[in-house]
Amino acid sequence: MKYRRNLLALCIGCALIQAGDMIVVSFLPILLSELGTSGNASFWSGAVFSVAALASAIMAPVWGSLSDRYGKRPMLIRAGTVLAIAYGLMGFATNHIQILWLKALTGGLAGYIPAATMLVATTTPNEDLGVAMGLLQTTMAIGTIAGPILGAGFVSAFGLSGTYVACAAMPAIATLIAVFIVQEKTIQKTERTGIIRGMKEAVSLPILQVLFGVLVIMQAGTACIRPTLPLLIKELSPANAALATSAIATLFGVATAISAPLVGRYWRGNYVAMLRDSLLFLVVFVMLQGFSQSVYSLGLFRFISGAPSVAMSVAINVLVAQAVAPEVRGTVFGVMNFMSSAGSVLGPLLGGYLGSVFGVASSFWGAAILYGCSGIIVIFSYKFLMDTLQDTMEIGPSSTTRRRFLRRRTPRSM
């Protein structure tokens with residue numbers, strides 16, 4: 001099986017899923033206000049997104065373990081089908097409670113992009129993991145940029161409710177890609193491990209304890225500014241807040257799309273150094289965002305933050321994949337998605353609290369502190385991470401020769 005065909009197909013599928021998600025996220029508060037929550041649309045928007053994140057956190061380890069048993073491709077088909085049905089039903093919703101349940105359904109039963117990431121991590125050779133993950137991030141960034149643009153066209157053509165029905169076509173196409181194009185060679189496990197036992201074994205590895213700890217804190221940092229970024233933009237440009245918000249979001253997406261294929265080359269395959277440096281870069285530029293006095297400086301710092309943000313994401317995914325054998329990567333990535341969702345739940349709560357008590361800009365400083373804590377953990381664990389991963393990492397020195405490591409034998413328990 002040639003992994004490049006899978007990679008291309010999954011990139012297209014993930015771009016469609018990400019674009020559909022951006023459409024849903026962009027217009028959901030408006031849809032909720034039209035369904036009778038105009039007085040407290042902000043509360044219900046937060047509740048809907050929190051329920052989805054919580055459901056995802058609970059179910060992610062389960063789907064990860066099942067993907068090791070039955071394959072990642074069935075998980076793609078399940079997730080895409082659920083998203084297509086849920087998006088279509090949102091277009092027919094008559095009240096906000098129905099939207100809440102549908103978002104909970106998508107949070108618990110979907111997960112196309114995590115399943116695609118697992119499949120890429122499992123089928124891609126170790127020496128090409130960084131490039132593959134970078135390409136996946138690039139196409140998702142394209143989906144992030146294209147989603148709001150397509151959504152605006154859908155609203156003009158079909159109306160708000162019709163937009164959700166039309167949006168269902170995107171996960172439907174992604175599902176067809178998984179059915180007819182994606183291939184997977186099932187890895188035969190010598191021993192079938194239960195879901196709970198597999199999760200316990202995953203979190204018992206010291207290297208994963210370090211990486212998961214870093215992940216929770218850095219994901220909380222990323223999510224910390226989500227509730228307050230639009231509010232800061234509104235403070236800096238009250239007359240053109242909507243336009244400025246779209247422009248800054250597009251700048252960040254463009255920076256991510258440009259940087260994703262290049263970050264691996266800059267660090268020459270040393271993903272521990274990539275994770276460390278990207279976190280330290282984010283400390284500086286997220287802090288500067290909080291000190292911004294105009295939307296222009298804020299947009300500039302958001303654009304610059306795109307490169308370290310995608311480098312951080314690529315590095316943590318590659319390091320987790322390299323830390324374990326391919327036959328258990330589904331279980332491990334399931335636990336990883338749980339940790340990421342936990343950070344996504346904690347971050348907005350912290351950011352919202354800081355913004356309400358100390359001012360909107362304080363959430364950016366809180367995010368910078370979280371990134372700094374993650375960076376400090378990586379700095380103090382650098383030698384341990386490098387020693388543990390030396391058999392699976394391929395680091396290119398400045399000369400033309402390359403230092404190659406033999407593949408590490410993973411203990412039978414994992």
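The values are calculated or read from the model by the stated rules, or taken from the named source; none is laboratory data. The model shown is predicted, which means the values in this text are computed figures rather than measured ones. Cβ sites come from the backbone with ideal geometry, for glycine too, and all protein chains shown count toward neighbours.
One table, with the values for the structure above:
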item: Residue match in region 49-58 (condition: modelled with pLDDT of 80 or more and over 18 Å from the mean Cα position of the chain (by Cα)); result: no
item: Residue match in region 380-395 (condition: closer than 23 Å to THR256 by Cα, assigned by TED's automatic domain parsing to the domain that holds VAL272 and among the hydrophobic types (A, V, I, L, M, F, W, C)); result: no
item: Scan of region 200-246 for residues that are within 22 Å of MET336 (Cα to Cα), of a type in the set (Gly, Ala, Ser) and in contact (Cβ under 8 Å) with a residue 60 or more places away in the chain, ordered by number; result: ALA202, GLY213, ALA220, GLY221, ALA223
item: Out of VAL320, VAL332, sole residue that is assigned by TED's automatic domain parsing to the domain that holds LEU211 and either over 18 Å from ALA116 (Cβ atoms) or modelled with pLDDT of 90 or more (or both); result: VAL320
item: Set SER292, SER340: member being outside the structural domain of CYS11 (by TED's automatic domain parsing) and surrounded by fewer than 24 Cβ atoms within 10 Å (Cβ to Cβ); result: SER292
item: Count - residues of region 66-75 that are closer than 14 Å to LEU109 by Cα, at pLDDT below 90 and surrounded by fewer than 24 Cβ atoms within 10 Å (Cβ to Cβ); result: 1
item: Check on GLY347, surrounded by 22 or more Cβ atoms within 10 Å (Cβ to Cβ) and either in a helix (DSSP H, G or I) or assigned by TED's automatic domain parsing to the domain that holds MET287 (or both); result: yes
item: Neighbours by Cβ (under 8 Å, 6+ apart or cross-chain): first from region 23-36, among the polar types (S, T, N, Q); second modelled with pLDDT under 80; result: SER26/PRO148; SER33/ALA41
item: Any hit, region 109-119, residues being modelled with pLDDT of 85 or more and surrounded by fewer than 24 Cβ atoms within 10 Å (Cβ to Cβ); result: yes
